[in-house]
Amino acid sequence: MSYTAKNFGFDLLEQIKTGFDVVRIARWAHKKYMDLGIEVEESVQQVILQIVAMEESPEFEMDEKELIAFANTLIRNIRR
């Protein structure tokens, strides 16, 4: 079974539950991205990189409510 955007959504919610910290979550997403490597579809890579980018610049950051909504969208498999 391949790692899906839905899987990432569930994992992201778990990360948020441990405490909302944009930098920590962005770094977790980067590690996830590196661990998965080429084994993940490009669409899933793009989703993960959206979270990684939060550390790069304030314009890419999501607040906790937006991040939870983003994760729930992934879980429901609705394209953003």
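Only the coordinates and a few stated rules stand behind these numbers; no lab work does. The structure displayed is predicted, hence computed values, not measured ones. Methodologically, a virtual Cβ is constructed for each residue, glycine included, from the backbone with ideal geometry; neighbour enumeration extends over all protein chains shown.
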Report P(r) for the chain: all Cα-Cα distances, bin width 10 Å, range 0 to the bin holding the largest distance, values in whole percent. 19, 58, 22, 0
Excluding residues fewer than 8 places away in the same chain, name every one of the aspartates and glutamates whose C-alpha is closer than 20 Å to that of Lys65. Asp11, Glu14, Asp21, Glu55, Glu56
Taking K and R as +1 and D and E as -1, what net charge do the other residues with C-beta under 11 Å from the C-beta of Val23 add up to? -2
